[in-house]
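Colleague: Please find one structure pasted underneath; my questions will follow.
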Amino acid sequence: TSSVGASNADFPSEDPGMYQLDITLRRGQNLAARDRGGTSDPYVKFKLGGKEVFRSKTIHKNLNPVWEEKTSILIDNLREPIYIKVFDYDFGLQDDFIGSAFLDLTSLELNRQTDVTLSLKDPHYPDHDLGSILLSVLLAPREEQREATMLMRKSWKRSSKVTFSMWSSGIFITRTLMFYQICHAGLFQTQSLRLSDLHRKSQLWRGIVSVTLIEGRELKAMDANGLSDPYVKFRLGHQKYKSKIVPKTLNPQWREQFDFHLYEERGGIIYITVWDKDAGKKDDFIGRCQVDLSTLSKEQTHKLEMPLEEGEGYLVLLVTLTASAAVTISDLSVNSLEDPKEREEILKRYSPMRMFHNMKDVGFLQVKVIRAEALMAADVTGKDSFSKSDPFCVVELNNDRLLTHTIYKNLNPEWNKIFTFNIKDIHSVLEVTVYDEDRDRSADFLGKVAIPLLSIQNGEQKAYVLKNKQLTGPTKGVIYLEIDVIFNAVKASIRTLMPKEQKYIEEENRLSKQLLLRNFIRMKRCVMVLINAAYYINSCFDWDSPPRSLAAFLLFLFVVWNFELYMIPLALLLLLAWNYFLIISGKDNRQHDTVVEDMLEDEEEEDDRDDKDSEKKGFMNKLYAIQEVCVSVQNVLDEVASFGERVKNTFNWTVPFLSWLAIVALCVFTIILYFIPLRYIVLVWGINKFTKKLRSPYAIDNNELLDFLSRVPSDVQVVQYHELKQDPSHSPSKRKKNNPG
């Protein structure tokens with residue numbers, strides 16, 4: 001009793017809760033050279049628990065860089081060190097590793113600024129001197145945590161005195177233990193809430209940076225012919241974008257638009273480099289520049305003429321900073337659509353009466369990520385060969401990407417999170433991917449589903465069978481989602497005729513023998529349709545079937561004698577209507593495309609073989625010298641085959657929304673061609689084309705027909721988006737019955 005009443009020695013020595021680590025990255029000394037010029041372009045990554053928590057800016061061509069950058073990191077476990085890695089930045093190539101070090105948090109004194117020098121090491125070359133980096137660090141308890149801790153200690157002392165005076169009653173133990181448990185649980189609950197808030201806020205962007213790359217002027221000639229094949233790379237934090245290549249010019253016209261997410265309130269810096277494309281060798285560097293977003297005013301379009309450093313010429317850009325879209329993460333208890341007022345407000349926002357208000361805001365998407373079952377075991381512990389995973393979920397809509405928290409050591413995780421997105425294109429595809437978190441390496445893939453927004457049934461909780469990376473076949477596990485889509489049909493239709501948003505995190509196409517063969521077969525199938533049509537027409541000329549040839553001859557005379565231009569869209573309209581009536585009458589002649597599915601499975605097997613044995617050399621190495629040409633041929637075959645498949649799928653009613661939109665457009669064209677002479681139509685078209693640049697000098701060129709077809713899925717995408725049926729034998733109830741233990 002005396003020990004309890006006299007001091008707080010029994011209070012836990014290590015306070016539960018969170019700490020704040022303030023780091024100032026000072027400079028580097030004598031870093032290793034990784035570039036051919038004997039220099040490096042170093043930057044630093046800080047990792048905690050296998051996740052990147054800070055990345056410094058890049059200092060170009062300097063082995064003794066000075067950063068003087070500050071960051072704050074929340075720490076909930078002092079025994080877990082900060083992992084620091086230094087890289088040499090190579091734009092367009094894989095960054096070179098310089099060295100790494102660990103910052104031991106247990107060696108730091110609380111509330112004291114400490115200067116730390118860390119020597120960089122490479123595990124593969126432990127004896128090499130790779131330089132060092134200098135830090136200033138300050139570790140302190142969070143203010144809120146400190147106040148809660150002091151309150152707990154004071155209350156503990158008060159309770160100790162009470163227990164001493166109440167010793168004779170015999171109830172001091174109960175009072176003391178109850179109070180300690182309440183305080184202890186309250187602190188951990190506060191910590192959990194703070195971690196959850198931190199996780200949520202770290203993902204939500206505070207604004208959108210809209211960038212339009214207009215043109216380049218007087219760029220440096222890098223090729224022997226006195227010209228260049230320039231393209232531009234942009235980077236804002238982890239986000240990257242690469243423009244198209246404009247061949248043989250020093251004054252390229254790009255006219256490309258894309259968006260970045262802005263996560264920092266004070267802005268950020270967009271790093272821009274210009275390159276000359278060289279087939280078969282390393283691309284030539286033309287110049288660099290950067291845009292400091294903190295100097296630009298919001299809700300205003302800025303025209304920037306950026307001179308290139310370390311090179312010649314200018315880039316012309318349009319940059320606009322706008323407020324963030326309505327993107328949120330919340331628990332299941334916070335549901336916008338279940339609140340009558342919020343639901344009414346959302347429905348009003350996308351009602352037909354507001355069809356011309358904010359054309360970029362097409363609709364609202366809410367995704368409930370509820371749980372997953374029977375996931376693949378990615379981790380195996382050594383003691384009892386116990387298999388487990390640490391799953392988390394990534395929800396993506398175009399370039400919008402949000403994550404759930406991680407559920408550790410669980411093959412049947414429950415996340416119970418709600419994500420909301422603004423829809424900019426109703427033809428977008430929602431991608432939900434499950435990963436296994438690994439502290440020491442990149443996350444392991446567990447499964448994925450791709451769900452077109454137009455195929456979603458509102459308010460229905462569904463179990464989606466997880467697919468492999470190529471989305472061609474099932475993998476282990478199912479994920480339960482409930483999705484709601486609200487959109488304005490008029491805005492969605494108009495947006496269909498505008499350029500499609502490009503994903504800037506897509507992987508570049510690689511050369512694959514199986515992919516090349518697949519695209520060739522798809523191309524061959526499209527060409528065979530035309531050849532068979534030509535054979536059919538020729539058989540009519542040859543009178544192989546007299547009744548058929550006679551009918552074709554009479555139809556030919558009737559059409560030619562009465563032909564008018566409006567009959568072309570009318571014929572396409574009748575074809576769409578014919579296929580529609582076949583579908584609703586149950587005589588659908590569409591067949592499941594098993595050929596494409598088989599080819600995709602073969603390609604998946606080839607990918608698996610490449611992953612398992614990357615040292616085997618064969619066909620790929622023989623084609624290495626002409627890899628650029630083969631990739632170009634592979635991509636051209638894919639584009640041509642996709643074009644033919646998209647035309648077919650438009651008339652096959654693969655996406656009813658798009659087929660109905662085509663019917664409306666063809667009706668309008670038929671009426672216009674019937675009532676208005678062709679010369680007036682051509683005159684209006686020509687005037688619009690000639691005056692477009694005068695009316696809008698920085699307008700992005702587009703073709704409405706190609707933009708429409710880009711929304712129609714190809715046969716490959718139809719297979720990828722096809723929803724797999726759940727195997728009843730894999731349901732939880734079946735497993736329990738079959739395996740009671």
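The values are calculated or read from the model by the stated rules, or taken from the named source; none is laboratory data. Fair warning: this is a prediction, and the values are worked out from it, not measured in the lab. Cβ placement follows ideal geometry from the backbone for every residue including glycine, while neighbour counts extend to all protein chains displayed. We work out accessible area using only protein heavy atoms, side chains counted, and drop any ligands, DNA or RNA first. Shrake-Rupley method; radii C 1.70, N 1.55, O 1.52, S 1.80 Å.
Colleague: Kindly state, to the nearest 0.05, the FRET efficiency for residue 585 paired with residue 469, given R0 = 45 Å and r defined as their beta-carbon distance.
Modeller: It comes to 0.70.
Colleague: Using the Cα centre as the reference, give the magnitude of the dipole from point charges on the C-beta atoms of region 19-141 (Lys, Arg: +1; Asp, Glu: -1; all else neutral), rounded to the nearest 20 debye.
Modeller: 180 debye
Colleague: Also: Please work out the average accessible area per residue across region 340-496, using the 1.4 Å probe convention, and give it in Å².
Modeller: On a per-residue basis, region 340-496 sits at 43 Å².
Colleague: Would you mind checking 233/476; 45/503; 45/220 for any pair whose Cα atoms are more than 27 angstrom apart?
Modeller: The answer is 233/476; 45/220.
Colleague: With each pseudo-label sitting 7 Å past Cα toward Cβ, what's the residue 671-residue 534 distance in nm, one decimal?
Modeller: Label-label distance for residue 671 and residue 534, simple model: 3.9 nm.
Colleague: Given a 1.4 angstrom probe, I'd like the percentage of the accessible area of region 435-562 that is carbon and sulfur, rounded to a whole number.
Modeller: With neighbouring chains kept in place, the figure for region 435-562 is 62 percent.
Colleague: Right, next: Give a residue-ordered list of calculated ³J(HN,Hα) values for region 642-650 (Karplus: 6.51 cos²θ - 1.76 cosθ + 1.60, θ = phi - 60°; whole Hz; x for Gly, Pro).
Modeller: So the J values, rounded to whole Hz, are 5, 4, x, 5, 5, 4, 4, 6, 5.
Colleague: Quick one: what are the phi-derived ³J(HN,Hα) couplings along region 75-82, Karplus 6.51/-1.76/1.60 with θ = phi - 60°, whole Hz, x for glycine and proline?
Modeller: Coupling constants for region 75-82: 10, 10, 8, 5, 7, 9, x, 8 Hz.
Colleague: Report ³J(HN,Hα) in whole Hz for each residue of region 356-365, in order, from the Karplus equation J = 6.51 cos²θ - 1.76 cosθ + 1.60 where θ = phi - 60°; Gly and Pro get x.
Modeller: 10, 9, 6, 5, 7, 8, 7, x, 10, 10
Colleague: How far, in nm, would the chain grow between residue 412 and residue 501 when pulled straight, counting 0.36 nm per residue and subtracting the alpha carbon separation?
Modeller: Gain on extension, residue 412 to residue 501, equals 28.5 nm.
Colleague: Per residue, how much accessible area does region 207-323 have with a 1.4 Å probe, in Å²?
Modeller: Spelled out: the 1.4 Å probe surface of region 207-323, per residue, equals 46 Å².
Colleague: For the pair residue 318 and residue 80, what calculated FRET efficiency results from E = 1/(1 + (r/R0)^6), where r is the Cβ-Cβ distance and R0 = 56 Å, to the nearest 0.05?
Modeller: 0.80
Colleague: Go through region 282-316 and name the GluC sites (Glu not before Pro) that are in a DSSP coil and have 11 or fewer other Cβ atoms within 10 Å of their Cβ.
Modeller: Here the GluC sites (Glu not before Pro) that fit, given the DSSP loop and packing criteria, are 299.
Colleague: Next question, about the same structure. Of 500/689; 348/491; 85/388; 448/524; 242/513, which ones are farther than 23 Å apart at the Cα?
Modeller: From the list (500/689; 348/491; 85/388; 448/524; 242/513), the Cα-Cα distance tops 23 Å for 85/388; 448/524; 242/513.
Colleague: So, one more: Using a simple charge model, +1 on the beta-carbon of Lys and Arg, -1 on the beta-carbon of Asp and Glu, nothing else, what dipole does region 340-496 show about its Cα centre, in debye to the nearest 20?
Modeller: 440 debye
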